[in-house]
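Encoded as structure tokens, the structure appears first; notes follow it.
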Amino acid sequence: MRFGIIVFPGSNCELDCQWVLQSVLGQQAKLIWHREKALSDCDCLILPGGFAHGDYLRTGAIARFSPIMAAVEDHARRGGVVLGICNGFQILCEAGLLPGVLLRNTSVNFICRPVHIRVETTETPFTATCAQGQVLRMPINHNEGRYYADDETLARLQAHNQVIFRYVTAAGEATEQANPNGSLGNIAGVCNERRNVLGVMPHPERASEELLGSASGLSLFESILNYGRAASPTHR
Amino acid sequence: MIRAKIYVTLKRGVLDPQGETVKGALEALGFAGVKDVRIGKFMVITLNDVSREDATRRVGEMCKKLLANPVIEDFRFELEEE
């Protein structure tokens, strides 16, 4: 499968993503500078973590107007797979490709530590190889990770089964203690209604080899590969 | 020249942990009676060669498109002519 990883000034997880896709999974993964205007031959786009444009004004607020974003939106509109990780999630929210917004952690601290998240549904290209309710362990690394949406949007997310991950304890319970940043409903990841765009705050690319303490993030990338093998998503 | 003073504030109901922290600090300093602290953004934009009417329209568009996120923020602005 051909992956494109969008690089903004201030992105800092693009090489981690490329490493996992190329070296661990043997796929093609090219870096695409944000000033490019066209995407050629990409089945799946990844918006990596970092601090695009310094997170000035609001996280993702400037990045969502980068020249490449029109092509990202077009890719998503055609049903292509898009994965936003951490800062990438924030950018996708600002761009309106995902509902809601990520706000300052309630603790007002930057948090960098491993967390547990539960797979709420396997009905996405990103979780199809997981088990329903499976608990994954991967790190978070953010200052603005508190998922927020108004009541109406939250109700719509629930109704369409768009909450994909929640922060949980190691035993899989979505308690207040397991919620690192104050996210509404312990939400750690959501998809769009069409289910081809996912945003997730924890970093699967930093938990894709046992050497790093956990390989459970690999299941997201493996799910995408499975989906790509089943059908060419860009032609759907 | 027209100077726009823009205020971007968090909508009611959106938790402001930064404001809460500042409230705690004010209380620790002995300032009594602080009911609530909300932190927002203040921006000054200077526009060249525009009418007041034009400036109102353009600054409104700037706020909607970039300066405020309607999911969580409200905005208002004042114009000053120089």
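Contact residues in the range B:55-82 by the 50 Å² criterion (accessible area, 1.4 Å probe, full protein complex versus chain alone): B:Leu66, B:Asn69, B:Val71, B:Ile72.
Averaged over the residues of A:104-117, the number of partner chain Cβ atoms lying within 10 Å of the residue Cβ comes to 1. Amide H contacts of A:Arg166: A:Arg118, A:Glu120, A:Ala188, each under 5 Å away and 5 or more positions distant or on a separate chain (H built 1.01 Å from N in the peptide plane; Pro and chain starts excluded). The residue among B:Ala25, B:Phe42, B:Thr56 whose Cα reaches farthest toward the positive pole of the charge dipole of chain B, with charges on the beta-carbon of Lys, Arg, Asp and Glu, is B:Ala25.
Interface A-B: total buried accessible area of about 1300 Å², 1.4 Å probe, protein heavy atoms only. Taking a point 7 Å from the Cα of B:Ala25 along the Cα-to-Cβ direction, the residues of the range A:98-141 with backbone N closer than 18 Å to it are A:104-110.
Nearest 5 percent is fine: what portion of the DSSP beta bridges confined to the protein assembly as shown is antiparallel?
70
Distance between the pseudo-spin-label points of A:Glu210 and B:Arg76 (7 Å out from Cα toward the beta carbon): 6.2 nm.
Applying the criteria of a DSSP loop state and at most 11 other Cβ atoms within 10 Å to the trypsin sites (Lys or Arg not before Pro) of the range B:11-65 yields B:Arg12, B:Lys35. The distance between label points at A:Val108 and B:Gln18 comes to 1.0 nm (points 7 Å beyond Cα on the Cα→Cβ vector).
A run of chain A free of exposed loop cleavage sites, with chymotrypsin sites (Phe, Trp or Tyr not before Pro) counted only in DSSP states other than H, G, I, E and B and at most 13 other beta carbons within 10 Å, reaches its longest extent at A:111-236.
Which FRET efficiency, nearest 0.05, do B:Glu61 and A:His160 yield, Cβ-Cβ r, R0 35 Å?
Numbers: r = 32 Å, r/R0 = 0.90.
Calculated value: 0.65.
The GluC sites (Glu not before Pro) found in the range A:143-180 that occupy coil by DSSP, while having at most 16 further C-beta atoms within 10 Å, are A:Glu173, A:Glu176.
Normalised per residue, the accessible area of the range A:2-235 is 39 Å², obtained with a 1.4 Å probe and no contribution from ligands, DNA or RNA. The label-point distance for A:Val24 and A:Arg194, in a model that sets each label 7 Å from Cα toward Cβ, rounds to 2.8 nm.
The values are calculated or read from the model by the stated rules, or taken from the named source; none is laboratory data. No experiment lies behind these values; they were computed from the predicted model shown. Virtual Cβ from ideal backbone geometry, glycine too; neighbours counted across all protein chains shown. The area values use the complete protein model at the heavy-atom level, side chains included, leaving out ligands, DNA and RNA. Shrake-Rupley method; radii C 1.70, N 1.55, O 1.52, S 1.80 Å.
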